[in-house]
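The structure appears right after this line, and notes come after that.
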Amino acid sequence: MPLPVDKHQKRAELVRHAADVFARTGYHTTKMQDIATRADVGKGTLYEYFRTKEELFLAVYDAWMTEYENVVRSRVDAASDALARVDAIRDSAVEFYESRAAQAPLLLEFWAHALRTDNPAFLERVRQTRDFLSSLGAGITASLVQAGWFDDVDVDSFTTLEAGISDGIFLSWVLGGRSFPLAKAYTFRQSVIGLGLLSPTSRSLLEDRLRTKLRKGFHAAER
């Protein structure tokens, strides 16, 4: 049975406060009392919504991913063609990471915890988002091949490789202290991939533009 609206709102507030505390002190150091104090509620109130700290930790990740998936789905559905859908996914990822820049290391902790915990719900939730993005990516790649933009390519292999490249950019951005513009890095990735897969016809249309982007790179904010 759905919770009343005020319960939903209260739960969402607790999740937001928990994200702030987890990001600042880490999952293992954080105590439920720390989160209750930040949210200005009694610890008993916090336990009314979440039975354990791990359940609350998962709720933070689930809230983030649900919001992200909804944004991506909405923008992809509104895009006019396959190329626009590629841009929609890229822009959504950049906005998501940048909007949570101060909490970005928490994503890495979620992933690590998913691999360590005996609770399968974490890894299932991580895979849910990855499967969602892989399915979208596969459909878009197939459309690009069918439309003649890309040469024929094994779609599953490509989407797996592309996801790894995207994760690597995010990891480099976090470990490097966000020292380069994330949007330019993702556009650079897109140019590299594009030059590798463009069909002869589309290459004649786009090659000069993409090679210019490759020469400029992305480490300087303005070049």
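Every read-out reported here was derived from the displayed coordinates using simple, explicitly stated rules and does not represent laboratory data. None of these values were measured; they are calculated from a predicted model. Note that we place each Cβ from the backbone using ideal geometry, even for glycine, and neighbour counts take in every protein chain shown.
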Classified through the alpha carbon gyration tensor (a ≥ b ≥ c as square roots of its eigenvalues; rounded if a/c is under 1.5, else prolate when a/b is larger than b/c, else oblate), the range 149-223 comes out oblate
Mean residue ellipticity at 222 nm from the helices of the chain, using -39,500 (n - 2.57) per DSSP H segment of n ≥ 4 over the full residue count, to the nearest 500 deg cm²/dmol? -26500 deg cm²/dmol
Note on the chain: helices (DSSP H) long enough, at least 15 Å by alpha carbon along their axis, and hydrophobic enough, mean Kyte-Doolittle at least -1.0, are 5-25, 53-78, 82-99, 104-116, 120-146, 155-175, 182-197
Over the range 84-147, with a single point scatterer placed on each C-alpha, what log10 of the ratio I(q)/I(0) does the Debye formula yield at q = 0.19, 0.26 1/Å? -0.87, -1.09
What does the charge dipole of the chain about its Cα centre add up to, to the nearest 20 debye, if the Cβ of each Lys and Arg holds +1 and the Cβ of each Asp and Glu holds -1? 660 debye
